[in-house]
Amino acid sequence: MSRLDEPGPAAGGIAREGRLRAFVRVRAGGLPGAFWVLWGGSLVNRLGAMVNPFLSLYLTGVRHVPIATTGVVLAVGGVGSVISQPLGGFLADRFGRRVALTGGMLANGATLLVLGHARTLAVLIPACFALGITLDLFRPAAQALVADAVPAADRTRAFGLLLWAINLGFSVAMVLGGYLAGHGYQLLFWLDAGACTVFGVLVWLAVPETRPAGRGRTAGGFGTVVRDRAMVAFSGIIVVYAVVFQQAFTTLPLAMKSTAMSSDAYGMVMGVNGIVVIAVQPLIGHRLADLDKSRVLATGFAVAAAGNAVAATAHAAVVYGIAVAVSTLGEILVFAVTAAVVADLAPAALRGRYNGLIGMAWGTGFLIAPVAGTRLLVTGTTTLWLSCTALCLLAALCQLAMGPALRRRAGR
């Protein structure tokens with residue numbers, strides 16, 4: 001071929017642009033506008049979510065609450081979080097997705113401002129309880145909205161993209177929140193409340209109501225959900241995994257501290273989580289839709305087991321970083337598919353309540369995690385992480401056993 005026939009720089013640029021468009025189209029193309037409004041709102045909301053990760057430091061350092069009392073205050077918030085998503089699911093099914101999501105966001109914003117200006121335990125305790133309730137009040141409505149608006153074949157991809165946006169926002173919020181906290185906490189509360197307001201108003205103005213029309217009182221309630229044996233069994237599996245997942249935020253910093261590692265080392269190790277999600281999810285999220293969901297979940301649980309097994313050998317921050325990286329690969333699989341499984345199981349009129357139950361499962365696991373984890377940690381870090389490994393393998397086996405039932409419900 002002569003030099004005149006060779007593609008020039010312009011042609012190469014066009015080819016690269018074409019490949020980029022194809023890359024984006026495969027991963028993000030074909031999803032409805034309502035989903036992208038929710039995606040953008042979720043990103044903004046998570047960018048502003050700076051209060052909760054630093055709440056214990058705020059209570060002890062700014063409000064001078066004793067450490068033991070701080071634990072009680074946070075536990076009260078945990079009780080509120082267990083209530084949060086079942087209540088949000090009821091509101092989403094009863095009053096519509098937009099009302100539940102916007103109302104939940106505005107209530108969360110108002111609660112943050114009350115908490116940020118509270119001075120006494122008489123106000124701090126009920127404010128933390130209210131924060132626990134309102135923090136995830138929107139989530140069942142958001143999950144139901146995706147299930148309503150996105151075709152079944154694209155739901156796994158859509159939920160994976162939401163996970164990516166949430167982790168991107170969270171990663172930035174952790175860095176920015178840490179910087180701002182060093183200059184005073186009031187701005188954190190106002191930014192978080194502002195992000196909640198923006199998200200809620202954006203959904204109210206730009207997202208149409210997706211709740212199925214014409215639903216009557218005969219559609220069922222939470223009684224219908226808890227009589228669904230497949231859904232209850234799946235929720236039990238999620239509780240088991242949630243207990244392990246939450247150890248990264250409860251016992252991992254304590255385990256690292258016990259081997260003379262600093263809080264900065266813990267921060268860098270946890271930063272690996274966000275990096276892996278942001279880098280890997282776009283590469284694999286679109287490939288999961290055609291795979292059997294139970295096998296994907298079981299694989300995710302097994303990969304998380306491998307990550308905890310690595311942690312059992314750790315005596316340096318770099319090994320803990322590897323353990324978190326491996327566990328995060330499992331997390332990507334689990335989080336991307338869990339919501340799609342719930343969408344397969346839930347009748348359209350009860351999607352809010354079904355998502356409320358799975359949210360309650362996560363909250364229950366998060367409540368169990370610090371109690372079980374700290375007791376295991378007392379006996380040694382190896383015992384803790386090997387116990388987590390065993391729990392993940394148990395979840396994987398149970399999920400494989402559930403596979404046939406889930407495939408029947410999904411019509412596959």
### Task
Restricting attention to region 96-122, report how many residues are more than 17 Å from VAL201 (Cβ to Cβ) and surrounded by fewer than 19 Cβ atoms within 10 Å (Cβ to Cβ).
7
### Query
Which residue pairs have Cβ atoms under 7 Å apart, sit 6 or more places apart or on different chains, and have a first residue in region 304-316 that is modelled with pLDDT under 95 and a second that is outside any helix (DSSP H, G or I) and of a type outside the set (D, E, K, R)?
HIS315/THR259
### Message
Let me confirm something: among VAL342, VAL337, which residue is modelled with pLDDT under 95, under 28 Å from ILE133 (Cβ atoms) and either open to solvent by 10 Å² or more (accessible area, probe 1.4 Å) or touching a Lys or Arg at 6+ places or on another chain (Cβ under 6 Å) (or both)?
### Response
VAL337
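Residues are listed down the side, and each one gets a yes or a no for (1) open to solvent by 20 Å² or more (accessible area, probe 1.4 Å); (2) within 20 Å of LEU333 (Cα to Cα); (3) of a type outside the set (Lys, Arg):
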position: ARG139; (1), (2), (3): yes, yes, no
position: ALA142; (1), (2), (3): no, yes, yes
position: ALA152; (1), (2), (3): yes, yes, yes
position: THR156; (1), (2), (3): no, yes, yes
position: LEU162; (1), (2), (3): no, yes, yes
position: GLY169; (1), (2), (3): no, yes, yes
position: VAL172; (1), (2), (3): yes, no, yes
position: GLY177; (1), (2), (3): no, no, yes
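Give me the residue from region 274-285 that is at pLDDT below 85 and within 16 Å of the chain's Cα centre (by Cα) and, out of that set, farthest from THR156 (Cα to Cα). Steps first, please.
Pass one, region 274-285, residues at pLDDT below 85: 274, 281-285.
Checking the rest, the ones that are also within 16 Å of the chain's Cα centre (by Cα) come to 274, 281, 285.
On the way: GLY274: 20, GLN281: 12, GLY285: 7 Å.
Looking at the filtered set, the residue picked out is GLY274.
Which of the residues belonging to region 347-358 are more than 14 Å from the chain's Cα centre (by Cα) and open to solvent by less than 10 Å² (accessible area, probe 1.4 Å)?
Just the residues of region 347-358 that are more than 14 Å from the chain's Cα centre (by Cα), to begin with: 347-354, 357.
Passing the criteria: LEU350, GLY352, TYR354.
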### Query
Any idea which residue in region 33-70 is modelled with the highest pLDDT, counting only those that are among the small types (Gly, Ala, Ser) and either open to solvent by 40 Å² or more (accessible area, probe 1.4 Å) or not in a helix (DSSP H, G or I) (or both)?
GLY33
### Task
Can you confirm whether region 99-113 contains a residue that is at positive phi, within 25 Å of the chain's Cα centre (by Cα) and at pLDDT 85 or above?
no
### Task
Report, by residue number, each residue of region 84-129 that is among the charged types (D, E, K, R) and either closer than 18 Å to TYR58 by Cα or touching an Asp or Glu at 6+ places or on another chain (Cβ under 7 Å) (or both).
ARG97, ARG98, ARG119
### Members of region 243-269 that are within 24 Å of THR383 (Cβ to Cβ), surrounded by fewer than 20 Cβ atoms within 10 Å (Cβ to Cβ) and of a type in the set (A, V, I, L, M)
LEU254, ALA260, MET261, ALA265
## Note on the structure
Checked against (1) open to solvent by 10 Å² or more (accessible area, probe 1.4 Å); (2) farther than 22 Å from GLY359 by Cα, ILE133 satisfies every condition except (2)
### Query
Any idea how many residues of region 299-314 are buried (at least 20 other Cβ atoms within 10 Å of the Cβ) and outside any helix (DSSP H, G or I)?
1
### Query
Do we find a residue being more than 20 Å from the chain's Cα centre (by Cα) and either farther than 24 Å from SER171 by Cα or not in a helix (DSSP H, G or I) (or both) anywhere in region 316-328?
yes
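The values are calculated or read from the model by the stated rules, or taken from the named source; none is laboratory data. None of the values given here were measured: they were computed from a predicted structure. Every residue, glycine among them, receives a Cβ derived from its backbone with ideal geometry; neighbour counts consider all protein chains shown. With ligands, DNA and RNA removed, areas are computed over all heavy atoms of the protein, side chains included. Shrake-Rupley method; radii C 1.70, N 1.55, O 1.52, S 1.80 Å.
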